[in-house]
Amino acid sequence: MPITEILEQNVELYGNETALVEINPEITERRRVTWREFELVEPANTSYYRREISWSVFNEKANRFANLLLSWGVRKEDKVAILLTNCLEWLPIYFGILKTGAIAVPLNFRYTADEIAYCLDKADVDILVFGPEFIGRMEDIVEQLPEELALIFFGVEVCPSFAESYIELTADCSSSSPDITLTDDDLAAIYFSSGTTGFPKAILHKHQSLMHSCQVEQAHHGQSHEDVFLCIPPLYHTGAKMHWFGSFLVGGCGVLLKGTSPEYIFDAVSKEKCTIVWLLVPWAQDILVALENGDVKLEDYPNLSQWRLMHIGAQPVPQSLIHRWLEVFPHHEYDTNYGLSEAIGPGCVHLGIENVHKVGAIGVPGFGWETKIVDEAGNTITDTSVGELCVRGPAVMECYYKDDVATAETIKDGWLFTGDMAMQDDEGFIYLVDRKKDVIISGGENIYPVQIEDFLAAHPDIKDSAVIGVQDTRLGEIAAAIIELKPGREVSEDDINEYCLGLPRYKRPRLVIFAPVPRNATGKIEKPLLRTMYGAENVVAAQSLS
């Protein structure tokens, strides 16, 4: 059944209980935000900005927006985009779109004005809801947008002249559920790929995908109604929202935290009694460094014992990171999830909390999923050789919207070819080796950067690293390591070269560059950016600046 029915179910079972909390530790003054008939004021006993809504209010807000859209003539398969930073209103707006049968199109809030225009055009968006942070970017492109594209501004600030006010438009709309019949086969959402291998593709999913993601997450992590999920990553991405879906399925509370510092995370876990936290690799690294340096002390946060599960996804996870984490938090369950937006985010492969002894693997096929690893000819590999990981299940995308060629290259006989290189051990556990496009071919040898990055992560002075291929006249390509040190550490290139003697000779980096490692909003290393920054022609300059 469509997930909109889960929302109605939560209202019946838990109507007056808290559904969502929004906290922003960087805002300390008391604020008042009014949704006309429902006033939201953070409690006086908090030292920071905090709001919450119940399941009933969540549903009422979704219904008001749905009924507004329907009054504007929105019908099934029309597209309504969301351009908002994480906030309490994000999810009610998203569900309001789904309730009409229209297709929700979440947009990356880091997009430039030109990227926003590109995505609006690519997805054939009919209506865009945007927040105050994007007024300037919208002003830059509003003249080039189609006249028929309706713009709705969400915010308590003065509405810009080229848009209409969400608060005013929805004030008199009915809070009753719209009479729209939805099925699992109805189209539901377009998500844009992260763009780590090129410009974002528009990924089209049915309602079946969304519902399956709820079931996958709950099956993997056993969320109960009492669990409290801390959500830090951006809601526009499949990762954060689909992990929250496991709590949504059982009516559990979700906490939206703005800010990623170790202090903010521990404070939120302690004050909101969070039991499940999904982290990205950089945030987990920052937490461990802060604890190691004494910048953060666990005893300053009295309510951490209920935190039962820490899981990581969105990018390869260094084994050393998890071993260090479990030394500090031995009572934590740990899981890692592999996924991609084409498979509605996390969970098509997962380690499983019972398999912590297999840290380093991404795991086994997730709930309802099948996997295989194939060679260049598409034949299934039955030994431990490296090949391309393929997945099949109920949440494979319908297509790349308006891109038949890319769709045909990616989906073959129901199998989604992920573009990720992997191997499977004799116990059936899958190990991610690298992105197919990131493989470095040096002197005829395939070098997988993730393996080198994982090795470097165990160095006590290295905070983060990225390995890319740069051109070489003799070998074709050589491996270059961009290394970000922990604060206050001093390490030389000779030190790194000596440490890398522990790698097979052909895998050792031939270049070492000390510089920050850029990651996108979902924690993935921005390899295309690094290749542009430190391509063969830029290596000498990069070294001189490091």
Each residue of region 238-250 in turn: what ³J(HN,Hα) in whole Hz from Karplus with 6.51, -1.76, 1.60 and θ = phi - 60°, glycine and Pro shown as x?
-> 5, x, 5, 5, 6, 5, 4, 4, x, 6, 4, 4, 10
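For the chain, what is the charge dipole size about the Cα centre, in debye to the nearest 20, if Lys and Arg each add +1 at the Cβ and Asp and Glu each add -1 at the Cβ? Before the final figure, lay out the partial values.
Numbers: 44 positive and 81 negative charges, 78 e Å.
Dipole magnitude for the chain comes out near 380 debye.
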Tilt, helix 113-122 to longest principal axis of the chain (alpha-carbon atoms), in degrees rounded to tens, equals 70
In range of the label at GLU427: residues from region 342-383 whose backbone nitrogen is under 11 Å from the point 7 Å along Cα→Cβ = 355-361
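Could you give the longest part of the chain that holds none of the GluC sites (Glu not before Pro) found in DSSP loops with at most 15 neighbouring Cβ atoms within 10 Å?
Values: sites that count: GLU17, GLU26, GLU29, GLU37, GLU77, GLU147, GLU148, GLU157, GLU226, GLU376, GLU427, GLU490.
It runs 227-375.
Assign one of three labels to region 234-361, namely rounded, prolate or oblate, based on the Cα gyration tensor with a ≥ b ≥ c the square roots of its eigenvalues; rounded applies when a/c is under 1.5, prolate when it is not and a/b is larger than b/c, and oblate otherwise. Present the calculation step by step, with values, prior to reporting the outcome.
On the way: a/c = 1.64, a/b = 1.22, b/c = 1.34.
Judged from the Cα gyration tensor, region 234-361 comes out oblate (a/c at least 1.5, b/c at or above a/b).
Return the calculated 222 nm mean residue ellipticity for the chain, to the nearest 500 deg cm²/dmol, obtained by summing -39500 (n - 2.57) across DSSP H runs with n ≥ 4 and dividing by the residue count.
On the way: 16 runs with 159 residues, N = 546.
One gets -8500 deg cm²/dmol as the mean residue ellipticity at 222 nm.
First measure r as the distance between the Cβ atoms of SER174 and ASP404, then evaluate 1/(1 + (r/R0)^6) with R0 = 35 Å and state the FRET efficiency to the nearest 0.05.
On the way: r = 40 Å, r/R0 = 1.15.
Calculated transfer efficiency: 0.30.
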Projecting the Cα atoms of LEU84, GLN223, PHE162 onto the charge dipole of the chain, where Lys and Arg contribute +1 and Asp and Glu -1 at Cβ, the residue farthest towards the positive end is GLN223
Which whole-Hz ³J(HN,Hα) couplings does region 141-155 yield from phi under the Karplus relation 6.51 cos²θ - 1.76 cosθ + 1.60, θ = phi - 60°, glycine and proline marked x?
-> 10, 4, 5, 9, 7, x, 4, 7, 6, 8, 10, 10, 9, 10, x
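Ignoring ligands, DNA and RNA, please state the percent of accessible area on region 236-300 from carbon and sulfur, probe 1.4 Å. Each step should come with its number before you reach the end.
Details: 850 of 1670 Å².
Using a 1.4 Å probe with all protein chains present, region 236-300 comes out at 51 percent carbon and sulfur.
Roughly how many percent of the accessible protein surface of region 370-474 is carbon and sulfur, given a 1.4 Å probe and a whole-percent answer? Can you show the working numbers first?
Working: 2190 of 4890 Å².
It is 45 percent, rounded to a whole number.
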Longest principal axis of the chain (C-alpha) makes with the long axis of helix 4-14 (C-alpha) an angle, in degrees to the nearest 10, of 70
Length gained, ASP121-ARG489, 0.36 nm per residue minus C-alpha separation, equals 127.8 nm
Calculated P(r) of the chain - Cα pairs past 30 Å, % | 51
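Please get the size of the charge dipole for region 326-436, origin at its Cα centre, with Cβ charges of +1 on Lys and Arg and -1 on Asp and Glu, quoted in debye to the nearest 20.
Dipole about the Cα centre, nearest 20: 200 debye.
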Using θ = phi - 60° and Karplus 6.51 cos²θ - 1.76 cosθ + 1.60, couplings along region 66-76 (whole Hz; Gly, Pro as x) | 4, 5, 4, 4, 5, 5, 8, x, 5, 10, 3
In angstroms, what radius of gyration and Dmax does region 54-202 have, counting Cα atoms only?
-> 14.7, 45
Within straight cross-link reach of LYS486, meaning Cα distance under 18 Å, which aspartates and glutamates are found once same-chain residues fewer than 8 apart are removed?
-> GLU263, ASP286, GLU292, ASP295, GLU453, ASP454, ASP461, ASP464, ASP494, ASP495
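Could you compute how fast region 49-135 diffuses translationally, taking Rh as the Kirkwood radius over C-alpha pairs and applying Stokes-Einstein at 37 °C with viscosity 0.692 mPa s? Give it in µm² per second.
D, rounded to a whole number, is 244 µm²/s.
Provide the per residue accessible area, probe 1.4 Å, for the chain, rounded to a whole number of square angstrom. The partial results should precede the final answer.
Details: 21780 Å² over 546 residues.
Accessible surface, normalised per residue, equals 40 Å².
Quick check for me: using +1 on Lys/Arg Cβ and -1 on Asp/Glu Cβ, what's the dipole size of region 273-385 about its Cα centre, in debye to the nearest 20?
Numbers: 6 positive and 14 negative charges, 53 e Å.
In debye, rounded to 20, region 273-385 gives about 260.
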In nm, give the distance between the simple-model label positions of LEU529 and LYS412, each being 7 Å from the Cα along the Cα-to-Cβ direction.
-> 3.3
Would you calculate the separation in nanometres between label points at LYS76 and ILE141, each defined as 7 Å from the Cα along the Cα-to-beta-carbon direction?
-> 3.0
Extension gain, ASP295 back to THR112 (0.36 nm per residue minus Cα-Cα distance, nm) | 62.4 nm
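The values are calculated or read from the model by the stated rules, or taken from the named source; none is laboratory data. The structure displayed is predicted, hence computed values, not measured ones. FYI the Cβ positions are ideal-geometry reconstructions off the backbone, even for glycines, and counts take in every protein chain you see. These area figures cover heavy atoms from the full protein model, side chains too; ligands, DNA and RNA do not enter into them. Shrake-Rupley method; radii C 1.70, N 1.55, O 1.52, S 1.80 Å.
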